[in-house]
Amino acid sequence: MDGLWEIVSDFTVRNALLGALILGTLSGVLGTFAVLREQSLLGDALSHAALPGICIGFLIAGSRQLWPLALGALAAGAVASWCVLLLVRYSRLKADASMGVVLSTFFAAGTVLLTYIQNHQLPGQAGLDSFLFGQAAGLLPSDLWVMGAVAAAGVGLVLVFWKEFKLLTFDPGFARSLGWPVRLLEGLLTSMIALAVVVGLQMVGVVLMVAMLIAPAAAARQWARRLETMVVLAALFGATSGMAGTLISLVRPGLATGPLIVLAATGLVVVSLLIAPERGLVWRAVQRRRTRAALESGRVLVDMLQLARAHGDESYASAQGMISAVYGADAEAALLRLEKAGLVEPVTPEHGTGRHWHLTEKGREAARRLLKEREE
C-alpha cells in the first residue's frame, strides 16, 4: 500500500491520472450520443482527421505546446465532420462510406505532413509522433488546464442543449417537424465529439481515441434504460478505465498507457456484455434456462392433473416411471422443482413398485389455472 501511495503521490502520476479522469468522463458523455445515433465510425473519422490539424498547428506555432495543436486538431475535426455531412447530403454515398472516405483522406494527409516535419528536422518536432498513440507521462499542468477547459465546454454544451440533443438522438424527424435547426444541431454535436478527440490527443492518441469514445458508452448501454442513466454510467466507466489503464502503465513501466486504457475500457464492455441485468449473455442464458424449466414443470403439472381426472380422482398418484417415459431425463428435475414449490409430494403406493407422486391442493389449483389458460 505504501508503494502504491508513493506512485500516486508522484507529480507525473497525478497529472496522468487527472488527465485520464478528464478524458474518460468527456469521452463517455459524448460517446453516448455517437453510439445511440449509430455513428460509431464518426469518432474514428474525427480522431484520424485530427492528425493533419496537429501537424498544421505545429507548423504555425513552431512548438509542441498543446494549445496550438489542440486548436489545429479541433479545426481539422470540424472540417472533417462538415465534409461527412456534405457528402451524405449532396452525394449518393451513405454515411459509413462518407466517413470512410474522410477518415482515409485526412489521415493520409496527416501522415504526409508528419513525415515532412520529421524529415526536415524542424525545431521542437521531437516526440510529435507520440500523438499517434498517446504519451500520458508527458502531460504538464498547462496541458491539464487545456484539457479541463475543453472538457468543461463539452459537458456544458450537453447540459445547455440536453433537450435538443435528446430529441435529435431518438427522433430527428419530429425535431425537424418542430422547426428545430437539425443540421445545425448535428454539426454542433459532431464538433463536440471532435472536442473529445482533442482532449484525448495526449493520453491515447488519434489512432485509439475511437475506442475511448465508443467502449464506455457501449458498456453503459448494457446497464441503462434511460439516456440520463446511460450518460452518467458512460462517464463513470470512461473515468474508471482511464485511471485503471494509467495506473497499470505506471506500476508496470514499459507498457504503453493509451493501449492499456483502451484494454481496460474493452474489459468493461466484455463484463457488461456478459453479466448486465436483462441484456447480458449470462443473464439471458440463465433466464432462458429458468423459463424452459418453468414451462417443463407446468406441462408435468397439467398432465398429472389430466391423468388424475382420467382415473376419476384428482388426488390420484402417478408413477414416476410413467412420467419419465414421457419427459425423459427432465422428469425427475421437474418433479423435484414442483415438490420444492409445494405443488406435488411423493407417496407410497398401495399396489405396485417405484416412486409415485400426487398433486397437493396447491398443485391442483395451479394445474387448473394453467389448463384454463391453455384452453383459452
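Applying a DSSP loop filter and a limit of 15 other Cβ atoms within 10 Å to the GluC sites (Glu not before Pro) in region 263-370 leaves Glu278, Glu350. Each residue, Val232 and Tyr316, gets one label point 7 Å from its Cα in the Cβ direction; the gap between the two is 5.9 nm. Of Ala215, Ala175, Ala75, the residue with the greatest mean-square motion in the GNM of the chain, using alpha carbon springs below 10 Å, is Ala175.
Size descriptors for the chain (Cα atoms only): Rg and Dmax, in that order, 30.4, 101 Å.
Taken one residue at a time, the phi angles of region 213-225 give Karplus couplings (6.51, -1.76, 1.60, θ = phi - 60°) of 6, 9, 4, x, 5, 5, 5, 5, 4, 5, 9, 10, 10 Hz. Gly and Pro are set to x. Multiplying the residue separation of Asp171 and Leu59 by 0.36 nm and removing their Cα-Cα distance gives an extension gain of 36.0 nm.
Against the main long axis of the alpha-carbon atoms of the chain, helix 95-119 sits at an angle near 40°.
What the phi angles of region 53-70 give under the Karplus curve with 6.51, -1.76 and 1.60, with θ = phi - 60°, is a coupling list of x, 4, 5, 5, x, 5, 5, 6, 7, x, 8, 9, 4, 5, 4, x, 5, 5 Hz, glycine and proline written as x. Close amide H partners of His356, meaning residues 5 or more places away or on another chain with modelled amide H under 5 Å apart, are Gln320, Val347.
Starting from the coordinates of the alpha-carbon atoms of region 214-253, obtain the Kirkwood hydrodynamic radius over all distinct pairs and give the value in Å to one decimal. Walk me through the numbers on the way to the answer.
Numbers: mean 1/r = 0.0941 Å⁻¹.
Kirkwood radius, region 214-253: 10.6 Å.
Comparing Pro181, Pro68, Pro349 in a Gaussian network model of the chain, where Cα atoms under 10 Å apart are tied by springs, the biggest mean-square fluctuation is seen for Pro349.
For n ≥ 4 DSSP H runs only, could you compute -39500 (n - 2.57) per run for the chain, divide by its residues and tell me the 222 nm figure to the nearest 500? Present the calculation step by step, with values, prior to reporting the outcome.
Numbers: 17 runs with 290 residues, N = 376.
Taken over the chain, the calculation gives -26000 deg cm²/dmol.
Quick one: in region 309-376, what % of C-alpha pairs are over 15 Å apart? Counting every Cα pair in region 309-376, those more than 15 Å apart make up 57 percent.
With no solvent and one point per C-alpha, what does the Debye sum give as log10 I(q)/I(0) for region 1-121 at q = 0.11, 0.13, 0.22 Å⁻¹? Debye curve over Cα of region 1-121, log10 I(q)/I(0) at q = 0.11, 0.13, 0.22 Å⁻¹: -0.51, -0.67, -1.18.
GNM on the chain, alpha-carbon springs under 10 angstrom: the most fluctuating residue among Ala61, Ala16, Ala310 is Ala310.
Above 27 angstrom, tally the Cα pairs of region 252-376 and express them as a % of all pairs, no decimals. List each step's numbers first, then the result.
Numbers: 3150 of 7750 pairs.
Here the tail beyond 27 Å accounts for 41 percent of pairs.
Going by neighbour counts of Cβ atoms within 10 Å, the residues Leu159, Leu371, Leu255, Leu66 line up, fewest first, as Leu159, Leu255, Leu371, Leu66.
The reciprocal of the average 1/r between distinct C-alpha atoms defines the Kirkwood hydrodynamic radius, which for region 231-274 equals 10.5 Å. Of all lysines in the structure, the ones whose alpha carbon falls short of 16 Å from that of Lys340, not counting any fewer than 8 places away in one chain, are Lys362.
Compute the long axis of helix 257-275 from its Cα atoms, compare it with the longest principal axis of the Cα atoms of the chain, and write down the angle in degrees, 0 to 90, nearest 10. For 257-275 against the chain, the angle is about 20 degrees. From largest to smallest, the equivalent ellipsoid semi-axes obtained for region 177-296 from the alpha-carbon gyration tensor read 31, 25, 9 Å.
No value in this document is a laboratory result; all are computed from the given coordinates. Treat the numbers as computed from the prediction; the structure is a model and nothing was measured. Neighbour counts are summed over all protein chains in view; Cβ atoms, including those assigned to glycine, are modelled from backbone coordinates with ideal geometry.
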